1. Evaluate the relative contact order of segment B:1-141 (contact order divided by residue number), counting alpha-carbon pairs under 8 angstrom at least 6 apart; express in whole percent.
2. Per-residue ellipticity at 222 nm for chain B, helices alone: DSSP H runs ≥ 4 residues times -39500 (n - 2.57), over residue total, nearest 500 deg cm²/dmol?
3. Counting other Cβ atoms within 10 Å of each Cβ, which trypsin sites (Lys or Arg not before Pro) in segment A:72-104 have at most 16 and sit in a DSSP loop?
4. For segment A:278-312 and segment A:16-67, compute the distance between their C-alpha centroids and round to whole Å.
5. Rg/Rh for segment A:169-317 to two decimals, with Rh computed the Kirkwood way over all alpha-carbon pairs.
6. Given the options B:I112, B:I316, B:I276, state which has the largest fluctuation in a GNM of chain B using a 10 Å cut-off (strictly under) for Cα springs.
7. Find, among the residues of chain B, the one whose Cβ sits nearest the axis of the rotation taking B to A; state the distance in whole Å.
8. Given label points at 7 Å from Cα along Cα→Cβ, what nm distances, shortest first, separate B:K118 from the same residue in every other copy?
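Derivation of every value follows stated rules applied to the coordinates shown; laboratory data play no part. Note that the structure is a prediction, hence the values are computed from the model and not measured. Neighbour counts are summed over all protein chains in view; Cβ atoms, including those assigned to glycine, are modelled from backbone coordinates with ideal geometry.
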There are 2 protein chains.
Amino acid sequence: MDTIISVDAMGGDRGPEAVVEGVSRAAASSPGIHFLIHGDSEVLNECLRRHRRLGDRCTVRHSEAVVSMSERPSQAVRHGKGSSMWAAVDSVKRGDASAVVSCGNTGALMAISLLLLKKAPGIHRPAIACLWPSYNEHGFNILLDVGADIKADEEDLFKYGLLGAAYAKTGLGVAYPRVGLLNVGTESFKGRSEIQAADKLMDQRQFDGEYSYVGFVEGSDIPSNRVDVIVTDGFTGNIVIKSVEGAASLIRAFLKDAFRHTMLSRLGGVFAITSIRRLFKRIDPRRANGGVFLGLNGTVVKSHGSADPIAVEAAIEFAGKLAKSHVTSGVVTELSSKGQRTGTASIEPGANTA
Amino acid sequence: MDTIISVDAMGGDRGPEAVVEGVSRAAASSPGIHFLIHGDSEVLNECLRRHRRLGDRCTVRHSEAVVSMSERPSQAVRHGKGSSMWAAVDSVKRGDASAVVSCGNTGALMAISLLLLKKAPGIHRPAIACLWPSYNEHGFNILLDVGADIKADEEDLFKYGLLGAAYAKTGLGVAYPRVGLLNVGTESFKGRSEIQAADKLMDQRQFDGEYSYVGFVEGSDIPSNRVDVIVTDGFTGNIVIKSVEGAASLIRAFLKDAFRHTMLSRLGGVFAITSIRRLFKRIDPRRANGGVFLGLNGTVVKSHGSADPIAVEAAIEFAGKLAKSHVTSGVVTELSSKGQRTGTASIEPGANTA
């Protein structure tokens, strides 16, 4: 049976054309997926005419309104019914789709998802988790929260640790996840009061012996193999992912420069072109696009607002893998059963991307 | 006349050997510098025997104690007299040296510097600024605070903007610096309350018309040419620089992988070796080592705690350039005269590094 992915086509910075083109790319690279696309049907059908290969793999659901990027979450909840975002999330609630992808307003998407899908048992504050390329053998570490909420107290940080560890088990197949708490240093007296308190909480409870707490980690440890899950508040996490994206783009520009510098380096570039392309893919933030909301009864993937078709494709593929391996329900079961493993599958964003 | 740089040789993670080797490298690459090296004279003289080229360019000043990495700033201030860090900073206070470099405990270095060198007029809280490779024509943007204090209220953030802009003028030669405030989004309602308040403050005062405030910027804007100075609190700034260092190291590892992948890519690597080496230098965090303390009456450069000799060399060169072009006093004059430019020189960390 096909996996059905619900897509909010209207919220992104580049408009529905980019989203539909991303869906078309994902349809080509992921055969077993059907799409429910939400938005202005006239606009969407016009876009779809340019992507005939989508053919009967795609159903358009009309919605009148759009949640804008500048809308506050509270506004979106009060007035968002009738928007493509609301309808896209509602498809998951009704069981019409296994996961939803949106490039829209993060705060609004979280607020609408909370309202419609509800928090999983025992979760006070859901988090957005992203996969971070790492030296670990499974290839990725998990960083959370990367933007669900700008504030987190010690109890929230502790719960993020639980959510992240459950995700590492069910999503990456890590048997005994190691959790670290992001701080400005590893000495016990470093950091803000809530981080100090979270450190004590994580250390005392040790996640009931199912996950290990490695203590404070620094920014340079995020891709390290000291740890599988890195916990931080959504303000810091969001700034970290965007800063690293910006730096990776700068390094790509430097790399291009380097291979244009002399005749010899141009020649070297020609010989090494396949390797350079592979490298560019590995460090292309678009291909690791997609943060998953953890702690909800349903799979919601937030794509970058400025996602181009390649990035939209990556987010959809990621959502497809999460849906197929039941990661979200796995996380919920993992948390409620406190430790029973419910399914192990390897989830990598964009790993199949052409 | 030689520029004299005072060096705390004892505080780093790699011990005095690495620091002395870094001094020796800096001596070779920067002819006009003399060094005052502080620490255990027996150990230091032993190290110096292996670096004969340092010869008469170096004076050892004995100190008994060492400020450890785990010491709290308050302890360092109470009990630090007699330590190499204290003596190294004191050399600047007494006018024996133009700048001090330490790889030691950041908090202790700031506390001792505050006590001995005092804050510049009008500065409530000094900041640590670092130069960040960017798309701007001067090649660098300024990010601050990267770790002087984990908290910053709106008034602190506003002052960081002033300090950063004065540094951009005197250090990078930017006539009309553009200042941005780091946040999780550019919409006006985004971010924590102190960031909201700082946004209003910067917008209202517009830095008295001498610098321009561009509003909120995101992590991906740090290397952009939208802005010259990026303001954030020391917690976020410290985590951002370390996260980007970690990511850059991972990308270097990927790059090495890419050129080992096939026979053809190995061959390409041979042709492009000079370009690849140049690229590696450009993205090597060690070569941009050194954060400068802004808002003090004296030049203090904090090197990475785990600095190896290449990184120590970069920090010393950076301190030498700051000292030669009187950037610190330029920043102080710039702030007190509210806008009169007092000297323009191009400061790039490690730009002369071999």
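1. 28 percent
2. Calculated from helices alone, the mean residue ellipticity at 222 nm is -14000 deg cm²/dmol.
3. A:K81, A:R94
4. So the separation of the two Cα centres works out to 18 Å.
5. Dividing the radius of gyration by the Kirkwood radius yields 1.06.
6. Checking each option, the largest mean-square fluctuation is seen for B:I276.
7. Residue plus distance in Å, as requested: B:G268, 2.
8. Here B:K118 shows inter-copy label distances of 6.6 nm.
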